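As C-alpha cells, the structure follows; a few thoughts come after it.
The values are calculated or read from the model by the stated rules, or taken from the named source; none is laboratory data. What you are looking at is a predicted structure, and each value in this text was computed from that prediction instead of being measured. We place every Cβ from the backbone using ideal geometry, glycine too, and count neighbours over all the protein chains shown. Heavy atoms of the whole protein, side chains included, go into the accessibility calculation; ligands, DNA and RNA do not. Shrake-Rupley method; radii C 1.70, N 1.55, O 1.52, S 1.80 Å.
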Amino acid sequence: MSYTIRTGDNLDSIAKRFGTTVKSLARLNGIRDPQKIRAGDDLKLPGDHAVLSGSKPGKLSSRHPSSGSDAPAGKMRGDRLALSSPQPAAPAPSLEATPQPTNAFLKEMLPAALKIQQRYGIPAATILAQAALESNWGRSAIGKYNVFGIKGEGSLGSISTSTKEHLRGQWRRMRDGFAKFGSFEEAFEAYAKVIHNGSHSRAVAAKSNPVAFARALQGSYATDPKYASKLISIMRSQDLI
C-alpha cells in the first residue's frame, strides 16, 4: 500500500497517521534523511499498518503552448473519442484529497473534474493539469470547450485544425480533425471515454495516483516526450497534489 506525500507533510506526521514509525518508513523507502521528502512522491507503507485512533486518513493510493486555434502539441491516435462508455469506477477519494486550485481556469474546471473523478476514479489533479496543458490554460480550447485536444467527432461534429506531432525525434505541423462539444461537461465525459478506449491501459491501472497516472500517459495520450513531466510540474506548481 502507498501514500502520496502532500505539501506540509513530514515523515513523523505520516508515521503517526498510519500507526508506524519514522524508522520503519525510512527503511522501507530507502530514505537516508527523514527531513527530505517531497510532495507528490509515493511513499510505501508497511503492509500491516493500522491507522491510529482519532487520526485522519491521508491521500492514499486508493484515491484516486499553443496560440490561436492551434490544437495541443503531440497528440496520439489513442486520444480519439471512444465509441463505448467507460464503466464507473470505485468511489472517489475523500474531500480531504480534493484539489483546491486558486488559478481562475482551474477553479472553473474543478466541478467537472471532480464529477469525472467521482464516477470513474480518474484523479482530478491530473485531469485539471491535462486541461491546462492541452488548452493553454483555456486560451486555445478547440471549439471553445474541447480542453483536452480530443480528436474525432463530438456532439457538434468536428473541427479541422493545425497541430504539432513529435515524430521520429522532431516536431512536425499537420492538420487533423478535433471533436467539437457543446459544453465543458461533454468534453470531460468524452475525456473519460478516451482514457478507457483501450489505448491507455497503463494509465487506467495507475489512476489511483495522480503522479503515476500522469507518467503512464507518456507515450499513449500524446507524442510530446516531455508530456508527463509537464503535467507533474503543473500539478506541483498549482498545489494540486
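Details
- Among the candidates 87, 100, residue that is under 19 Å from the mean Cα position of the chain (by Cα), surrounded by fewer than 12 Cβ atoms within 10 Å (Cβ to Cβ), within 30 Å of residue 149 (Cα to Cα) and modelled with pLDDT of 80 or more: 100
- For the criterion of being farther than 17 Å from residue 108 by Cβ, modelled with pLDDT of 95 or more, open to solvent by 20 Å² or more (accessible area, probe 1.4 Å) and basic (Lys, Arg), residue 175 fails.
- Neighbours by Cβ (under 8 Å, 6+ apart or cross-chain): first from region 122-141, among the acidic types (Asp, Glu); second modelled with pLDDT under 95 and not in a helix (DSSP H, G or I): 134/72; 134/149
Yes/no matrix, rows are residues, columns are (1) open to solvent by 70 Å² or more (accessible area, probe 1.4 Å); (2) on the phi < 0 side of the Ramachandran plot; (3) at pLDDT 80 or above:
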site	(1), (2), (3)
24	no, yes, yes
33	no, yes, yes
79	no, yes, no
104	yes, yes, yes
111	yes, yes, yes
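- Flag if residue 206 is buried (at least 21 other Cβ atoms within 10 Å of the Cβ) and not β-branched (Val, Ile, Thr): no
- The residues of region 119-146 that are of a type in the set (Phe, Trp, Tyr) and assigned to a loop (DSSP other than H, G, I, E, B), listed by number, are 137, 145.
- Answer residue from region 40-58, given it is closer than 26 Å to residue 240 by Cβ, in contact with a helix residue (DSSP H, G or I) (Cβ under 7 Å, 6 or more places away or on another chain) and buried (at least 16 other Cβ atoms within 10 Å of the Cβ) and is modelled with the highest pLDDT among those: 43
- Of the residues screened, residue 153 is not one that is surrounded by fewer than 17 Cβ atoms within 10 Å (Cβ to Cβ), more than 15 Å from the chain's Cα centre (by Cα), modelled with pLDDT of 95 or more and more than 18 Å from residue 220 (Cβ to Cβ).
- Among the residues of region 2-42, the one identified as of a type in the set (D, E, K, R) and assigned to a strand (DSSP E or B) is 42.
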